[in-house]
1. Where does each of R66, R153, R20 land when they are ordered by accessible area, with a 1.4 Å probe and the largest first?
2. Label points 7 Å out from Cα along the Cβ direction at K54 and E23: separation in nm?
3. Tell me the net charge near L236. Cut-off is 9 Å between Cβ atoms, L236 excluded, with +1 for each Lys or Arg and -1 for each Asp or Glu.
4. Label-point separation (nm) for K208 and A67, each offset 7 Å from Cα along Cα-to-Cβ?
5. Based on the Cα gyration tensor of region 190-258, what are the three equivalent ellipsoid semi-axes, each the root of five times an eigenvalue, rounded to whole Å and given largest first?
6. What pairs from K14/K191; K211/K258; K211/K255; K14/K39; K54/K191 go past 18 Å between their alpha carbons?
7. List every residue whose amide H lies under 5 Å from the amide H of T237, counting only residues 5 or more places away in sequence or on a different chain, with H placed 1.01 Å from N in the peptide plane.
8. Can you figure out the FRET efficiency of I93 with T161, using R₀ = 35 Å and their beta-carbon distance, to the nearest 0.05?
Amino acid sequence: MANPFAKFLTHFEKGHVLFREGEDGEDMYIIQSGRVAIKKKVKDGDTTLAVLEKGDFFGEMVILERAPRSATAEVVEPGDLIVINGETFGEMIKANPEIAVRMMRKQSIRLRETNKQLEMVMEGKGGAPAPAPATEARAAAAPTSGTVTAQARAYFISPSTGNVFPVLSGDALIGRFDSVTGTSPEVDLTKEDQSRNISRRHARIVQKDGKFFVAEEIGTMNGTFLNGKKMANGVLTPISDGDELTLCRLVLNFKIPK
């Protein structure tokens with residue numbers, strides 16, 4: 001299948017500065033491959049706030065607010081980026097409102113993190129906030145078949161690797177490590193999804209009245225399938241012992257302890 005964004009793709013080499021803090025701009029970016037560091041000027045030079053990767057987007061505020069760039073973006077791993085101007089962005093939002101939902105979620109996370117930093121300053125714990133992890137090295141290691149504990153309510157098994165991913169709570173997020181916020185989902189598939197096809201917040205599994213339900217998270221872009229049938233976005237759907245859940249191309253078998 002042809003990439004619908006192919007005409008917007010541009011390849012950038014390591015070291016290329018996409019934009020600098022304080023500059024005017026017209027474009028936002030979505031990473032298809034490679035990594036981009038977001039840097040901010042501080043007293044002694046530049047500090048890296050985050051290193052973004054496939055699926056991340058940035059630079060959108062220049063389109064939404066027509067304001068100068070609030071940080072510098074530099075390519076730290078060669079890759080392909082979708083470059084979108086204001087006119088194209090408007091057309092994309094009309095065609096796919098889920099993009100707007102993802103952006104709202106991102107802004108919500110940013111606001112929450114800012115509030116935390118302000119609280120630390122007011123409590124006398126000031127200082128520059130620690131930068132987000134630059135890589136996924138801090139992501140939780142993928143559980144194996146020997147790590148499923150008695151506390152697991154259910155678990156997923158990868159038929160391709162044999163790795164086992166326990167569900168330890170009644171409402172668990174399924175996805176990958178988020179390098180922007182430094183958080184991991186309860187069912188962490190970071191190391192299972194080496195190609196980074198699934199979303200960081202891809203799906204959610206919920207237990208109600210002894211039964212399990214799964215829902216694709218709002219904003220997920222690459223599709224979720226239960227026993228081969230595509231799931232509706234944001235709708236809780238019953239999932240039973242032995243069912244097959246596919247997140248993009250990653251296949252998992254669902255099991256309930258007897």
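The values are calculated or read from the model by the stated rules, or taken from the named source; none is laboratory data. These numbers were taken from a predicted model, which means no experiment stands behind them. Backbone-built Cβ (ideal geometry, glycine too); neighbour counts: all protein chains shown. The area values use the complete protein model at the heavy-atom level, side chains included, leaving out ligands, DNA and RNA. Shrake-Rupley method; radii C 1.70, N 1.55, O 1.52, S 1.80 Å.
1. R66, R20, R153
2. According to this spin-label approximation, the distance is 2.7 nm.
3. Neighbourhood net charge equals +2.
4. Result for the modelled spin labels: 3.9 nm.
5. Semi-axes (√(5λ), whole Å): 19, 14, 11.
6. K14/K191
7. V214, A215
8. Using R0 = 35 Å, I get an efficiency of 0.40.
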